[in-house]
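Each value in this text was obtained by applying a stated rule to the coordinates, not by laboratory testing. Just so we're clear, the structure is a prediction, and the values are computed from it rather than from any experiment. No Cβ is skipped: glycine too gets one built from the backbone with ideal geometry, and neighbour counts run over all protein chains shown.
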Amino acid sequence: MRLIIAANRAPYHIRKRDGQAKVERSPGGLVTALDPVMKKTKGIWVCSGTLQFEKHGLETPYDIEQIKLTPKENIHYYEGFCNRQIWPLFHYFLAKYKLEERDWEFYKQVNQKFANQIAEIVKKDDKIWIQDYHLMLVPQMLRELGVKNKIGFFLHIPFPNIENFRVIPRRKEILEGLMHCDVVGFHTESYKKHFLECVEHYLNDANIQDQSTIEYKDTKVKAISLPISIDFNMFDKTARSSRVIEKAFELRNTINTKVIGLGVDRLDYTKGIVEKLEGIEFFLDNNPEYIGKFTFIQIAVPTRINILEYKKMKKELDETVGRINGKFARDGWNPISYIYNSVNLKDLVAYYYCSDFILISALRDGLNLVAKEYVASRVNNDGMLILSEFTGAAEEFNTGYSVNPYDVRSISESIYRAFNNNEEEKEKVMKKLRDQVRENNIFKWVDDFLGEL
Ligand code: GDG
C-alpha cells in the first residue's frame, strides 16, 4: 500500500546554513507522524508551494508534488477562505469572520488543482489521506474525476456546532465535499457529534447509523474521533539528553526565581495569550507576596503575519507585556519574559523541562499538541499542566488543573495552586498523563486511522 497525503504545507523545506542549502523536515506533529510511513511506502505528499529542491541538487526522502498558487489564490484561498472565514468560524470567533464572496471561487479553484494533481498520480492500491480545513472539497472532486481509491480526511481544528457552522453560506457544499470520503476523523467526540448534527440538518438524503456511519446518496462515510498525538519517545529521549539538561539548568540559573511558568503558542488570537497575561496580572495584583518570586516565559511564534488581524494581535501583545512588566518590575526583575520567535526543538524541550508549570489558555483549540509535548518532556514526573477547558486535549485528559481562560480569577487560582499544591499530588497526576501519552502516541494514531481506512 502506498500513501498519498494532501496537505496545504510541505513536509520538508530548504534551509540555508553557512552558505549551503539543506533539506530539513518541517516541524509539527503531523509531519513527524507521517514521515516514517511515507518513507516506508515511498508515498507522495501533495502540497502547495514552490520549493526548488532539484535546483539546489537536493533530494527529499519521498516525492513531494507542489502546487503553485497564484498571488490571487494566496489572497483569496489561503488568507481569505481558509483564514478569514473557516478559521475564525470553526473556533467560535464569529466577530472575526469576514465573508468575501470571491474567496469561495478561489477555494474551489485551489481544491480542484489538488484533486487534479492527485488524480494524475494515483495508482490502483494507493490510499489517499487529506489533511485539514484547506482541502474539504477535494474528496468529492476526486470522485468526479473517477478516482475509486480509499479516501480519508482528518480535521485538525474543531468542528463547530450548528449555530456557528450555519453562518457559512456554502455550508452544504462543504459537507457534500466530505461525503465522498470513506473515513472522516476528528480529535474529539464533540466535534464528531457537531459534524453529524450538521449533516443531519443540511443533507436531506443522509441517513446516520450508530452515531457514526452516514449513508448519503450512493456514498458511505464513517465518522470517527481520534485525537492526534506526539512522538512520546522522541520528546522523552530529548529531555534526558545532557544538552537539554544543561540548557535547562542554565535557564534556571539565569532566571533565578523560585517558580517558572511557561507558555508556548503560535501567535494566534485563538490561543488566548493576552487573556493569559491578564490572568497573571490579576494573580500578582491579588497575591503581592509573589512579586519577584516567579517568572512567566511566553514563547509566541509568528504566524500568518500578512493578515491584518494577526498584525493587530502582535501589537496588542507587545503592549500588554510592556504594561504588565512596567507595573510590577523591580530590581532588575520582570514578571514576563517574552520571546517573539520560534526556538529550536532542543531549546523548546529545555523550556518544557525547566518550568514548574505550563499554562495553556486557548480560547478554542482543536487539540493542542504543546500539552502533550510538555507531559512527554517531564521525565521526572514533576511539573504541572494547566489546561484550558476549551481545548480538544481537555476532553482527553483529566489534569486536575483546568482553567477557563475568559476568567482572570480562574487563571490566577491555577497559578496559586502551582505554588501551593503538594508535590505528591502533582506527581500522581503527571505519571498518569505520561502513561496516557506514551500509550496513545502519534504512531498509534496513524495506525488507527489507516486501520479504519
Ligand atoms: C493545529 C490545531 C492541533 C510551537 N512553538 C515552537 C514550536 N512549536 C510547535 C509545538 C507544536 C506545534 O508547534 C503547535 O501545535 P498545536 O497543536 O499547539 O497548535 P497549532 O499549530 O494551532 O495546530 C491544533 C494541531 O493542529 C494538530 O492537529 O492540536 O489544535 O490548531 O508541535 O511544538 N516548535 C519549535 N519551536 C517553537 O518555538 N521547534
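Observations on the model:
- Two-site FRET efficiency, S241 against K172, from Cβ-Cβ distance with R₀ of 56 Å, rounded to 0.05: 0.60
- Distant-in-sequence amide contacts of H187, defined by a placed amide H-H separation under 5 Å and a gap of 5 or more residues or a different chain, comprise L226.
- Modelled FRET efficiency - R0 25 Å, F93 with D318, Cβ distances, 0.05 increments: 0.75
- Taking the longest Cα principal axis of the chain as reference, the axis of helix 189-202 is set at about 40 degrees.
- The stretch 365-396 residues near the modelled T303 label - backbone nitrogen below 18 Å, point 7 Å along Cα→Cβ: 365-374, 388-394
- Between K220 and E189, the distance separating the two model label sites (each 7 Å from Cα on the Cα→Cβ line) works out to 2.5 nm.
- Degrees, to the nearest 10: 423-439 long Cα axis against longest axis of the chain: 20 degrees
- Around the amide H of S337, modelled in the peptide plane, lie the amide H atoms of F296, I297, Q298, all under 5 Å away and 5 or more residues distant in sequence or on another chain.
- The angle between the Cα long axis of helix 408-420 and the longest principal axis of the Cα atoms of the chain comes to about 60 degrees, rounded to the nearest 10.
- Under 16 Å from K123, Cα to Cα: aspartates and glutamates that are on another chain or at least 8 residues apart: D63, E65
- Cross-linked pairs K22/K372; K55/K113; K127/K222: Cα-Cα separations exceed 20 Å for K22/K372; K55/K113.
- Between the stretch 189-249 and the stretch 2-79, the alpha-carbon center distance in angstrom: 23 Å
- Over the chain, the hull volume per residue, using the convex hull of the C-alpha atoms, is 150 Å³.
- Stretch gain in nm, segment R15-K327, where the contour uses 0.36 nm per residue and the Cα spacing is subtracted: 108.2 nm
- Each listed q (0.12 Å⁻¹) maps to a log10 I(q)/I(0) for the stretch 232-439 from the Debye sum over equal C-alpha point scatterers, namely -0.57.
- Whichever aspartates and glutamates have a C-alpha closer than 12 Å to that of K193, once near sequence neighbours (fewer than 8 apart) are set aside: D210
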